[in-house]
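Structure, as structure tokens:
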Amino acid sequence: MSSGVPAPEGGVDPGAVRPGVGGPLLVAFAGLPAVGKSTLAARVGVALHAPVLPVDPVERALARYGLVGDVPGMAAYGAVAGLAEVQLGLGLSVVVDAVNPVASARGLWHDLAERAGVPLRVIEVHCGDEAEHRRRVESRPPDEHPPTWEQTLLRRAEYEPIIGPRLVVDTAVDTDPLPGILAYLR
């Protein structure tokens with residue numbers, strides 16, 4: 001379905017995916033830092049006219065109050081899940097932007113989708129070019145408190161494989177992944 005309006009540069013026809021067609025859905029992005037998750041999540045949020053709920057700012061807010069480590073990290077995921085549940089209850093689709101490194105974190109989204117009675121679409125993002133991934137990690141603004149390359153490699157070692165349906169997107173490939181993502185969400 002197209003609105004007949006030309007797609008904005010670098011974008012997709014805004015009428016290609018319409019909110020409310022088929023009802024709301026929960027979209028959960030997963031992948032290591034600096035692979036392009038947040039950029040894609042924002043673009044999907046715009047296309048769906050859906051709120052994008054990132055976990056990182058919640059984790060940073062908790063850290064400002066001295067809450068760091070695994071428990072506050074899961075608390076940030078829980079807080080975002082709570083906000084997502086409110087939005088889904090309003091009939092809106094929701095896009096979650098998070099590393100989702102372990103099954104317990106990803107389980108939140110499965111449980112939430114089941115409770116809310118909405119489909120869950122998982123999108124796992126990676127950068128298949130390790131040199132490019134490292135460049136992205138090392139070029140992130142320091143005010144975002146990005147992990148170092150060494151910390152990213154540790155997270156990669158701890159990253160549990162995703163089992164189940166998902167779309168895998170490689171941001172090192174020189175094509176715009178958004179049309180394929182939006183087709184997967186239909």
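The values are calculated or read from the model by the stated rules, or taken from the named source; none is laboratory data. This one's a predicted model, so the numbers in the text were calculated from it and none came from an experiment. All Cβ positions, even for glycine, are placed from backbone atoms using ideal geometry, and neighbour counts span all protein chains on display. Surface areas here come from the heavy atoms of the whole protein model, side chains and all, with no ligands, DNA or RNA. Shrake-Rupley method; radii C 1.70, N 1.55, O 1.52, S 1.80 Å.
Summary table below
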| read-out | value |
| --- | --- |
| Potential extension, T175-E85 segment - 0.36 nm per residue separation minus Cα distance | 29.1 nm |
| Check: the chain dipole with +1 on Lys, Arg Cβ and -1 on Asp, Glu Cβ, in debye | 380 debye |
| Stokes-Einstein D for the chain, Kirkwood Rh over Cα pairs, 20 °C, 1.002 mPa s (µm²/s) | 125 µm²/s |
| Mean residue ellipticity (222 nm) of the chain, computed from DSSP H runs ≥ 4 via -39,500 (n - 2.57), nearest 500 | -13500 deg cm²/dmol |
| Relative contact order [Cα under 8 Å, 6+ residues apart], the chain, whole percent | 30 percent |
| Label point distance in nm, R135-R155, each placed 7 Å from Cα along Cα→Cβ | 2.0 nm |
| Selected from A63, A113, A47, residue furthest toward positive end of dipole (the chain; charges at beta carbon) | A113 |
| Sites R186 and A61 - FRET efficiency at Förster radius 45 Å, r taken between beta-carbons, to 0.05 | 0.85 |
| The range 63-186 - percent of accessible surface contributed by carbon and sulfur, probe 1.4 Å | 57 percent |
| Packing-based order for 42-55, 130-143, 103-116, using average beta carbon neighbours within 10 Å, highest first | 42-55, 103-116, 130-143 |
